[in-house]
1. Basic (Lys, Arg), in a helix (DSSP H, G or I) and over 22 Å from residue 58 (Cβ atoms): which single residue out of 154, 93, 163 fits that description?
2. Within the bounds of region 42-58, is there any residue that is aromatic (Phe, Trp, Tyr), within 30 Å of residue 165 (Cβ to Cβ) and at pLDDT 55 or above?
3. Considering region 91-115 alone, what residues qualify as being loosely packed, with under 15 Cβ neighbours inside 10 Å and closer than 13 Å to residue 148 by Cβ?
4. Within the set of pairs 6 or more residues apart or between chains, which connect a residue that is closer than 17 Å to residue 95 by Cβ inside region 121-145 to a residue that is not in a helix (DSSP H, G or I) with Cβ atoms less than 7 Å apart?
Amino acid sequence: MKKHPVTCLAILLLASTNHSLEAQTSSRLLSDASFEEKITPATTRERLENTIQSYSATQAEIVALFNGIVTNPQTISTKETVKAIDRSGRDLRKSKATFDSILSSLRADLKKIKEDSYFTDEQKTELMANIDTMVKQCEDSSLQVASAIKVLTRSYKLMPQWRKGYRTYLNLDGQAKATQHLKAAVDEYIKQLTANPEAEEAPAVDAAENAFE
């Protein structure tokens, strides 16, 4: 039996419509899944770990930048170097703000758990111990970032001094001595930049106490 042209057209249109609807449905499901991933907030632990990793990466970049000055003294105080320091400073301040935000969240969580009747005493003890650990990590990291920001800010004034010292030694004592002098200055600076503030404070207290004995 010969099919009517209109019937064939209707079948084709129906098949095309069904295919289009299936494609739209599939696309919408994928979009919804993607949207759910985007709106799912990171846990406090994930935020802390990510921020610590971000800070470590920034610190490594800063150290590499200043070590590069030793191998290539011409980069001291150049526009590119200053821009890199500016960018690192912004990254450090962002990390500091995030650490402070996480710390506030942890303290709020601690208060909620203490007052929540849902958790048993054993569960509260376990959860609060986890919070205490993260609070310590957050406080230590925030303190270290704050110290790094201060030291990094000093680099703007230090670089002209490094350049002057390098050029003076280069002019009067040669390339080897000039590089040695610059490396010693930059190494000391990096040491201060990456120092643990708590470890720095202890000897200072001992020295102050010994002065009065």
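The values are calculated or read from the model by the stated rules, or taken from the named source; none is laboratory data. Being a predicted model, the structure only gives us computed values, none of them experimental. Positions of Cβ are generated from backbone atoms using ideal geometry, with glycine treated the same way; all protein chains shown enter the neighbour counts.
1. The conditions single out 163.
2. Taking region 42-58 and keeping what is aromatic (Phe, Trp, Tyr), we get 55.
Those left that are additionally within 30 Å of residue 165 (Cβ to Cβ): none.
No: zero hits.
3. 93
4. Here the result reads 144/196, each pair linking region 121-145 to a residue that is not in a helix (DSSP H, G or I).
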